[in-house]
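These notes concern the structure reproduced below.
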Amino acid sequence: MSTLDDWTAAVVAELGIADLVDGRTRDLVLDMTKDVAHGVARPAAPLTAYLMGLAAGRAGSADEAAAYGARISEMALAWENPEEPRTGAAEDRAARRERRTSADG
């Protein structure tokens with residue numbers, strides 16, 4: 001097992017939520033936070049994960065909770081960062097990343 005798997009298993013056991021978490025859940029949260037970190041701002045990722053967890057706790061099913069993650073990812077990918085030039089929500093993520101790299105460099 002990887003460090004991530006070990007950590008996830010330890011936290012799941014500590015919180016007593018083994019019946020609520022599986023590999024799909026982990027991947028969903030990691031993908032969503034990656035999209036938020038790259039599409040909005042890095043500090044927004046953990047905050048968004050927490051907010052999604054609150055919403056997931058109120059969800060009626062695992063599928064409904066998973067749908068929240070997908071919706072948040074879509075929002076993040078379409079987010080217009082006011083610190084970057086406005087080019088429209090359909091801008092390709094690779095081009096956005098390239099612009100950031102050029103600015104850093």
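The values are calculated or read from the model by the stated rules, or taken from the named source; none is laboratory data. The model shown is predicted, which means the values in this text are computed figures rather than measured ones. Here the Cβ positions follow ideal geometry from the backbone for every residue, glycine too, while neighbour counts run over all protein chains shown.
Among the residues of the stretch 33-74, those identified as free of Cβ contacts under 8 Å to residues at least 24 places away in the same chain, assigned to a loop (DSSP other than H, G, I, E, B) and of a type outside the set (Gly, Ala, Ser) are 42, 43. Applying the criterion of being of a type in the set (S, T, N, Q) and at pLDDT 90 or above to the residues of the stretch 42-86, the residue that is nearest to residue 15 (Cα to Cα) is 48.
Entry remark, the stretch 2-24: residues being within 17 Å of residue 59 (Cα to Cα), surrounded by 11 or more Cβ atoms within 10 Å (Cβ to Cβ) and without any contact (Cβ under 8 Å) to a residue 12 or more places away in the chain number 2 in total. Among the residues of the stretch 1-53, those that are under 17 Å from residue 69 (Cα atoms) and acidic (Asp, Glu) comprise 22, 27, 31, 35.
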